[in-house]
Amino acid sequence: MRIDLLCSGSKGNCCLVRSQSAQILIDCGCTKKYLLSSLAQVGARLEDTDALLVSHSHSDHIKGLKFCSSVPIYSYCDLSGCAKEDLQPFDRLQIKDLSILIIPLSHDAGNTIGFVIESATEKLVYVTDTGYIANSNKPYLKGATYYIFESNHDVEMLMSTSRPPYLKQRILSPLGHLNNEESASNLADLVDANTKEIVLAHLSQEANTHELALQTLYSTFSRKKQSLEGIEVRAAEQFKILTIGTNSK
């Protein structure tokens with residue numbers, strides 16, 4: 001499996017996943033120009049995409065749907081008349097050699113989901129835009145080869161921003177976003193000997209830094225006596241392609 005995180009953050013989100021026979025996109029919250037350019041940079045074409053999985057209906061995840069009409073679209077959320085296949089939590093979707101499990105998340109968009117994507121030998125957990133991870137869902141997320149996992153904000157930095165109080169409360173709420181500590185604590189419960197890479201995603205450009213998110217992850221794992229040995233850890237940037245895995249088709 002090869003994963004190219006094309007963009008990640010409040011200005012746009014899109015991820016390309018390829019296996020031996022399948023090519024899927026997760027979300028399309030970027031411009032057509034950026035998407036086509038990014039796909040070309042990683043040796044892919046939009047017309048070869050087998051499915052577009054939509055996590056939720058916020059614009060930074062769906063504003064590019066209008067130019068993806070030729071791709072089969074799957075979502076749990078309402079897409080305002082867009083032709084799509086309906087998903088439900090814990091559905092299993094088979095796209096060629098990729099098996100996809102739908103995981104319910106908690107976000108104020110309503111009907112927000114994450115994805116557990118498995119090939120014959122590898123497993124990707126893709127979780128962003130959620131206020132918490134339900135303990136009942138953790139068994140499905142445990143032991144992945146790769147994690148793309150939200151680490152949106154540092155609480156102290158968020159509270160120091162000029163954002164209005166209602167917006168800060170929204171972000172901090174159970175329908176908001178995972179902060180660095182919550183992200184790290186959840187990941188410490190999930191990784192195991194199968195895990196090769198963690199990518200911290202959907203970082204706030206105003207209320208977080210890559211260094212702080214990574215530092216929090218390392219310190220949390222150390223405190224919990226959980227090892228990161230042999231696991232590559234990175235933080236995604238808003239508009240910089242980040243490639244995970246090596247087994248592209």
Within the stretch 133-158, tally of residues that are open to solvent by less than 10 Å² (accessible area, probe 1.4 Å), part of a loop (DSSP other than H, G, I, E, B) and under 20 Å from Gln238 (Cβ atoms): 1
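Mind listing whichever residues of the stretch 232-249 are assigned to a strand (DSSP E or B) and either at pLDDT below 95 or open to solvent by less than 60 Å² (accessible area, probe 1.4 Å) (or both)? Can you show your working first?
Within the stretch 232-249, the subset assigned to a strand (DSSP E or B) is 232-235, 242-244.
Those that are assigned to a strand (DSSP E or B) and either at pLDDT below 95 or open to solvent by less than 60 Å² (accessible area, probe 1.4 Å) (or both): Val233, Ala235, Leu242, Thr243, Ile244.
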Condition check for Thr161: without any contact (Cβ under 8 Å) to a residue 40 or more places away in the chain and open to solvent by less than 50 Å² (accessible area, probe 1.4 Å): no
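Please go through the stretch 185-226 and give me each residue that is acidic (Asp, Glu), part of a loop (DSSP other than H, G, I, E, B) and either open to solvent by less than 50 Å² (accessible area, probe 1.4 Å) or in contact (Cβ under 8 Å) with a residue 60 or more places away in the chain (or both), ordered by number. Can you show your working first?
First, pick out the residues of the stretch 185-226 that are acidic (Asp, Glu): 189, 192, 197, 206, 211.
Checking which are part of a loop (DSSP other than H, G, I, E, B) leaves us with 192, 206.
Result: no residue meets the conditions.
The values are calculated or read from the model by the stated rules, or taken from the named source; none is laboratory data. Computed from a predicted structure; not experimentally measured. Because the Cβ atoms are built from the backbone with ideal geometry, glycine has one as well, and the counts that use them run over all protein chains shown. These accessible areas exclude ligands, DNA and RNA; they are computed on the full protein's heavy atoms, side chains included. Shrake-Rupley method; radii C 1.70, N 1.55, O 1.52, S 1.80 Å.
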